[in-house]
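A.B. asks: One structure, pasted below without further comment.
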Amino acid sequence: MNRYRQSEELLNRSRRVLAGGVSSTLRAAMKPTPLYAVAGRGARIQDADGHTYIDYLLAYGPLILGHGHEPTVERLLSSMRNGLAYGLQHQGEIELAELLTKVLPCADQVAFSGSGTEAVMLALRLARAYTNRRRIIRFHGHYHGWSDTIFTSFPSTDMKASRKRNVMSQVIRYDNDTHPTEARVIPGTGGQSEAALQDIILLPWNDAEALKDAVALYGSTVAAIISEPVMCNSGCIMPKPGYLELMRELTAANGIVMILDEVITGFRFGLGGAHGVFRIMPDLVTIGKAMGGGIAISGVAGRADIMELIADGTVSHLGTLNGNCVATTAAVATINELSRDGGAVFARMEKSAADLSEGLRQAMKDHDIQGIVNQAGPVFHLMFTTERQVDSFEAFQKRDADLYITFAQEMLEEGVLLRPNGLWYVSAAHGEAEIRETLAAANRVFARWGEDKS
Ligand SMILES: Cc1ncc(COP(=O)(O)O)c(C=O)c1O
């Protein structure tokens, strides 16, 4: 019997009218079929065929409190009774901005937008206007959204276009004879202007020498360095000791705006994001995903003298639904919930991720499967690889991505929903029962693999 009959039928119906059948390219990658959801509650989600899964996809990150967090839903319902959007100012946006300037160490002021992509777009514009320079340094394997000026080098296995366009093999060569800028900056999608990427300098991340060299060569023309504080999008790789500090030093010394893209790490690593945990003060951060707990909201936060460019009209900040009352209500409710008991929930989520990571490592060992789990706070990446450690993008690229897709598919049959690229998100709603069930499921899958081998 086909377990996913309803989802398949819905996908066929959808394909006739919805381009690609799904609403974001990544979602098409799920095997054996993109699932249709009907409801979510806490750490679990139910599909159209009536199966319930423990959810580690978490809507690609936003559901930091899990599905349908009751107090947040209540606050949203009562706010929505007063209207869904005004196009006028309202106290909710002040309340949220005050909250953010309190909890984010680098935030003197904030500006709201709808998606992480837009937040990055605004941060880059602010940096270019502030410095009157145009070049942007970014890093191989990081993702900063899909706008024309930044979308490159996101070799996600769950994206058809990156396979098609050979982004997977876009390897940086960096040695004494080859300058880092010679890494070709390939558009991330068809239809993207190559010219829009001409100001991008693409460097290997966590490589102090490459960064120093590039800044020495191009520093006076570089507007910004943008980096994920932890390379969550490619292997959950932590910054090497001193690397972000070096980035801070070099940017400060050369008048470059340092942007940390905290769209994943913000409100996940702690209330103050990764920059709060690492005690690094960037000039700007971008935030999104977890901030709204599942409602679309993002933003840029940072230094007053840079954010001031919005106030004086130098940089336009546009968006019909920016800072709308539904989004600000969701964000205030989410942040308040995360703040309870001095932010104790962050340690709990981190412990859940650590227990899962350790359990998965043990399961792989028990079943003679070679793999690595890189955990960073409440997020981790499971990779099947023969590498001894994955601490660079190069090492990450050596994983067996197809085997992981098979693993995700088999875990689905065991009642666990995973993103097919290896990244796991853990929410406040994941407890001991979910962790126990998940590890039992992984052990069953690995045991079957062992039987198949013998
Ligand atoms: C680090 C980072 N920045 C920006 C984005 C883009 O955010 P959005 O998908 O909301 O446009 C993402 C999305 O995954 C991300 O991981």
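The values are calculated or read from the model by the stated rules, or taken from the named source; none is laboratory data. Keep in mind it's a predicted model, so treat the numbers as computed, not measured. Reconstructed Cβ throughout: ideal geometry from the backbone, glycine too, with neighbour counts over all protein chains shown. Heads up: the accessible areas ignore ligands, DNA and RNA and are worked out on the full protein's heavy atoms, side chains in. Shrake-Rupley method; radii C 1.70, N 1.55, O 1.52, S 1.80 Å.
A.B. asks: How high is the FRET efficiency between Gln362 and Thr52 when r is their beta carbon distance and R₀ equals 22 Å, given to the nearest 0.05? Provide the component values of the computation, followed by the final result.
C.D. replies: Numbers: r = 26 Å, r/R0 = 1.17.
Calculated transfer efficiency: 0.30.
A.B. asks: For the peptides 229-240, 410-421, 87-98, what is the packing order when you average, over each peptide's residues, the other Cβ atoms within 10 Å and list the highest mean first? If you can, show how the numbers build up before the last one.
C.D. replies: Numbers: 229-240: 23.7, 410-421: 20.3, 87-98: 14.2.
Sorting 229-240, 410-421, 87-98 by mean packing, highest first, produces 229-240, 410-421, 87-98.
A.B. asks: Also, quick follow-up: Please tell me the relative contact order of the chain in percent, rounded to the nearest whole number, where contacts are Cα pairs under 8 Å and at least six residues apart.
C.D. replies: Values: 881 pairs, mean separation 95.9, N = 454.
Result for the chain is 21 percent.
A.B. asks: Let me ask something additional. Whole-Hz ³J(HN,Hα) for each residue in region 284-290, computed from phi via Karplus 6.51 cos²θ - 1.76 cosθ + 1.60 with θ = phi - 60°, x for glycine and proline: what do you get?
C.D. replies: Result, rounded to whole Hz: 9, 10, 10, 9, x, 5, 4.
A.B. asks: Using a 1.4 angstrom probe on heavy atoms only, work out the carbon and sulfur share of the accessible area of the chain in %. Intermediate values should be presented prior to the final figure.
C.D. replies: Numbers: 9740 of 19660 Å².
Solvent-exposed carbon and sulfur of the chain make up 50 percent of the total.
A.B. asks: Once phi is turned into θ = phi - 60°, what whole-Hz ³J(HN,Hα) does the Karplus curve with 6.51, -1.76 and 1.60 give for every residue of region 390-405, x standing for Gly and Pro?
C.D. replies: 10, 10, 8, 5, 4, 5, 4, 5, 8, 5, 8, 5, 5, 5, 5, 4
A.B. asks: Evaluate the Kirkwood expression for the hydrodynamic radius of region 337-441, namely the inverse of the mean inverse distance over all pairs of different C-alpha atoms, and round to one decimal in Å.
C.D. replies: On the way: mean 1/r = 0.0693 Å⁻¹.
Hydrodynamic radius (Kirkwood, Cα only) of region 337-441 equals 14.4 Å.
A.B. asks: Something else about it: How do 313-326, 268-281, 32-45 rank on mean C-beta neighbours within 10 Å, highest first? Could the numbers behind the result be given before it?
C.D. replies: Details: 313-326: 15.9, 268-281: 21.6, 32-45: 18.0.
Ranked from most to least packed, the peptides come out as 268-281, 32-45, 313-326.
A.B. asks: Per residue, how many Å² of accessible area does the chain show with a 1.4 Å probe? Could you put the intermediate results ahead of the total?
C.D. replies: Details: 19660 Å² over 454 residues.
So the chain comes to 43 Å² accessible per residue, rounded to a whole number.
A.B. asks: Cα convex hull of region 70-336: mean projected area in nm², to one decimal? Walk me through the intermediate numbers first.
C.D. replies: Details: hull surface 57.4 nm².
Result: a mean projected hull area of 14.3 nm².
A.B. asks: Then there's this: For the residue pair Lys102 and Ala354, what label-to-label distance in nm results when each label sits 7 Å from Cα along the Cα-to-beta-carbon direction?
C.D. replies: So the two model labels end up 2.9 nm from each other.
A.B. asks: Compute the length gained on full extension between Tyr60 and Gln370: take 0.36 nm times their separation in residues and subtract their Cα-Cα distance, giving the result in nm to one decimal. Can you show the working numbers first?
C.D. replies: On the way: separation 310, 0.36 × 310 = 111.60 nm, distance 2.61 nm.
Result: 109.0 nm gained on full extension.
A.B. asks: Report the paramagnetic label zone for Arg13: residues of region 37-65 whose backbone N is under 19 Å from a point 7 Å from Cα along the Cα-to-Cβ axis.
C.D. replies: Once the point is set 7 Å along Cα→Cβ of Arg13, 37-40, 46-51 turn out to lie under 19 Å by backbone N, inside region 37-65.
A.B. asks: Continuing with the same structure: Distance cut-off 24 Å, Cα to Cα: go down the list Lys289/Lys398; Lys212/Lys240; Lys289/Lys365; Lys351/Lys453; Lys102/Lys289; Lys31/Lys453 and report the pairs above it.
C.D. replies: Cα-Cα > 24 Å for Lys289/Lys398; Lys289/Lys365; Lys351/Lys453; rest within.
A.B. asks: Additional query: Under the rule of -39500 (n - 2.57) per DSSP H run of 4 or more residues, summed and divided by the residues of the chain, what mean residue ellipticity at 222 nm is obtained, to the nearest 500 deg cm²/dmol?
C.D. replies: Helices in the chain give a 222 nm mean residue ellipticity of -12500 deg cm²/dmol.
A.B. asks: Rank these by accessible area, largest first, 1.4 Å probe: Leu26, Leu217. Spell out each step's value before the answer.
C.D. replies: Numbers: Leu26 30, Leu217 105 Å².
From most exposed to least exposed: Leu217, Leu26.
A.B. asks: With each pseudo-label sitting 7 Å past Cα toward Cβ, what's the Tyr218-Gln91 distance in nm, one decimal?
C.D. replies: Result for the modelled spin labels: 4.8 nm.
A.B. asks: Choose one of Met1, Ala401, Val390: the residue whose Cα lies farthest towards the positive end of the charge dipole of the chain (beta-carbon charges +1 Lys, Arg; -1 Asp, Glu; about the Cα centre).
C.D. replies: With unit charges placed on the Cβ atoms, the residue in question is Met1.
A.B. asks: I've got another one for you. Give a residue-ordered list of calculated ³J(HN,Hα) values for region 36-44 (Karplus: 6.51 cos²θ - 1.76 cosθ + 1.60, θ = phi - 60°; whole Hz; x for Gly, Pro).
C.D. replies: 9, 8, 10, 6, x, 8, x, 8, 10
A.B. asks: Based on the mean of other beta carbon atoms within 10 Å per residue, what is the order of 57-64, 428-435, 336-343, most packed first? Numbers along the way, then the final one.
C.D. replies: Numbers: 57-64: 22.5, 428-435: 18.1, 336-343: 13.8.
In decreasing order of mean packing, 57-64, 428-435, 336-343 become 57-64, 428-435, 336-343.
A.B. asks: Size of the dipole of the chain about the Cα centre, Lys and Arg at +1 and Asp and Glu at -1 on the beta carbon, nothing else charged, in debye to 20?
C.D. replies: Charge dipole of the chain: 780 debye, to the nearest 20.
A.B. asks: Oh, and also: Hey, what's the Cα Rg ratio for region 27-98 versus the globular rule of thumb, 2.2 N^0.38 Å? If you can, show how the numbers build up before the last one.
C.D. replies: Working: Rg = 16.2 Å, N = 72, 2.2 N^0.38 = 11.2 Å.
It is 1.45.
A.B. asks: Going 7 Å from the Cα of Tyr36 toward and past its Cβ, which residues in region 57-80 have a backbone nitrogen under 20 Å from where you end up?
C.D. replies: 59
A.B. asks: For the chain, taking Cα atoms only, what is the radius of gyration to one decimal and the Dmax to the nearest whole Å?
C.D. replies: 21.7, 70
A.B. asks: Report for the chain the percent antiparallel among DSSP-assigned beta bridges with both residues inside it, nearest 5. Please list the in-between numbers first.
C.D. replies: Details: 29 of 46 bridges.
Antiparallel: roughly 65 percent of the beta bridges in the chain.
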